[in-house]
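This report refers to the structure that appears directly beneath it.
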Amino acid sequence: MALGAEPWGIDRMTTNTMTKHDRICVVGAGPAGLATAYRLHREGFTNVTVLEKLPQIGGLCLTYEFQGRAFDLGANYVTSSYRRIRKMAKEVRAEMYIEANASFYDTTTGKYQSILRTARRNTSLPRFGYDSVRYLWKRWRLGRELPSSGFAVTDEHPDLLQSFGQWLDQQGLTSLRALFEIPITLMGYGPLDVIPAPYALTYMRVGSVLDLMIYGSMPFHRWPRRFVDGFQRFWARVAEPLDVRTGVHITSVQRGADGVTVVAQFPTEIDGNVVLEQRTLEFDWLVLCCPLQLSTTGEFLDLSAQEIELFERITLNPFCVTTYAMAPSHAFELKTRLVNVTPAPERSSARPTIITQQFKDNPLVTFYTPVTDPGAGIEPAVHAGVRQLAAEVSIHLPDHHETWNNFPYFPQVQVSDFANGWYRRVEAMQGTNRTFYNGGIMAFELIEPIVEYSECLVRTHFVARAT
């Protein structure tokens, strides 16, 4: 369960009445926006419109098709803890398959080793097992003590107002640092001594940790899994019954006591050419499922002073994903189809942390690189880091890459913001000025918590209020 409070202060809700025929505008067709619209649709709300600026839906769930196979460049895994996603997958008939085995490449020795050996580091197996059980017990207790979804009451728990690394040390679980560096640091969420404990604990739920341990220590495993047709196509199936409009450039949003006015440019085909046609739409409610940082919301939204104060605290961990198609004669050179790099390189080095060849009979290989610079200027450094690591592990890359993406990854605030009630203040704004807030910053940049939060948002602020 995610850490946080539910319901999020129903006593603070606005007095505006609501019906299931109200006009609701959802901004953003990523996981948060689509999960929100999907749940509103399932609950009987009849007038929900999703506006997406990109030509495709899915947000950071971006799938690339190569030689008849689907490759996820953004979000990819489904674990046993993803019970909402698994339920939705059954509803839309999206099939999954089990991920291949993995290994670690130690750049200091040039040797490969297992996940278990890397996670243990210099800790004895009995000690590692004992501390793992202790973590699972503590995490289970936290799930019982703190209600699900969001982080609104985190400031009431001083033991959580620190980095995850500090929390592990405080709990006497220092031996597990290497274990948690695998899903947290290598996957781009940052060093353990930087990421706030509530984020890491939301990510590292009991089921996810058990999956990781089984994946790394057993000759068989059932999790994690991937979607056969990719995560983006899963969301495309979710979106089928919804009113989702892509390629829409919102120029302004004005919110008032009587409603929300959205001015946007919509792509329209005229005589075989696609042109942008400006329209003005009226809604009763606005749900922001786009990135909340000022670089995004400041482009179109009539921001209040409080929104500016809160949203300017949001920072990102940019993450680059690069793919290459190996020549047929070199297509099967990886030691295993998923190679993690250890020790985790510094983000400033622009060196990849993960290499994967998703299918043994397909030559596409993907490099994942956390970076410090969100701009396009980082691309040469990332490509240089990719080629350097490829040479070390004897992968022969062609001259040109297949795909390149620089994702605005992991919106977050700092430990001090948790302590100063950042989340409590944002949750207190839910529903005011006819606006609701959703997305990775509200739930943690992981698909299941985002869907969980979206469902709680709809249940608490829409279903409970609609007449």
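Here are a few things to note about the model shown:
- Taking the conditions (1) assigned by TED's automatic domain parsing to the domain that holds Val365; (2) more than 23 Å from Leu212 (Cβ to Cβ) in turn, Pro55 satisfies each one other than (1).
- Residue match in the stretch 70-89 (condition: part of a loop (DSSP other than H, G, I, E, B) and more than 21 Å from the chain's Cα centre (by Cα)): no
- Flag for Gly421 being surrounded by fewer than 17 Cβ atoms within 10 Å (Cβ to Cβ) and touching a residue at least 12 places away in the same chain (Cβ under 8 Å): yes
- Residue identified as touching a Pro at 6+ places or on another chain (Cβ under 7 Å) and surrounded by 23 or more Cβ atoms within 10 Å (Cβ to Cβ) among Gly440, Gly431: Gly440
- In summary, Val339 fulfils each of the numbered conditions (1) outside any loop (DSSP other than H, G, I, E, B); (2) crowded, with 21+ Cβ neighbours inside 10 Å; (3) modelled with pLDDT of 95 or more with the single exception of condition (3).
- Top-ranked residue in the stretch 102-128 [being part of a helix (DSSP H, G or I) and not aliphatic (A, V, I, L, M); ranked as nearest to Leu186 (Cα to Cα)]: Thr118
- For the stretch 134-154, a residue qualifies if it is assigned to a helix (DSSP H, G or I) and in contact (Cβ under 8 Å) with a residue 12 or more places away in the chain, and the qualifying residues are Arg134, Tyr135, Leu136, Lys138, Arg139, Trp140, Leu142, Gly143, Thr154.
- Near pairs, Cβ below 7 angstrom, 6+ apart or cross-chain, from the stretch 189-200 (in the same structural domain as Glu445 (by TED's automatic domain parsing) and surrounded by fewer than 20 Cβ atoms within 10 Å (Cβ to Cβ)) to any residue that is at pLDDT below 95 and not in a loop (DSSP other than H, G, I, E, B): none
- Test: residue in the stretch 138-157 that is modelled with pLDDT of 95 or more, buried (at least 18 other Cβ atoms within 10 Å of the Cβ), out of contact with any strand residue (DSSP E or B) (no Cβ under 6 Å at 6 or more places or on another chain) and over 26 Å from Ser454 (Cβ atoms): no
- Residue match in the stretch 396-405 (condition: under 20 Å from the mean Cα position of the chain (by Cα), outside the structural domain of Gly188 (by TED's automatic domain parsing) and over 19 Å from Gly188 (Cβ atoms)): no
- Matching residues in the stretch 70-85 - criterion: being touching a strand residue (DSSP E or B) at 6+ places or on another chain (Cβ under 8 Å) and either within 23 Å of Trp404 (Cα to Cα) or surrounded by fewer than 17 Cβ atoms within 10 Å (Cβ to Cβ) (or both): Ala70, Phe71, Asp72, Leu73, Gly74, Asn76, Tyr77
- Contact map, the stretch 163-182: first residue closer than 10 Å to Asp131 by Cα, second residue part of a loop (DSSP other than H, G, I, E, B), Cβ cut-off under 6 Å, separation 6 or more or different chains; pairs are Ser175/Thr123.
- Set side by side, the residues Asp169, Asp193, Asp131 differ, and just one is in contact with a strand residue (DSSP E or B) (Cβ under 6 Å, 6 or more places away or on another chain) and either part of a helix (DSSP H, G or I) or modelled with pLDDT of 95 or more (or both), which is Asp193.
The values are calculated or read from the model by the stated rules, or taken from the named source; none is laboratory data. Just so it is clear, the model here is predicted, and its values are computed rather than measured. With ideal geometry, Cβ positions are generated from the backbone for all residues, glycine too; neighbour counts draw on all protein chains shown.
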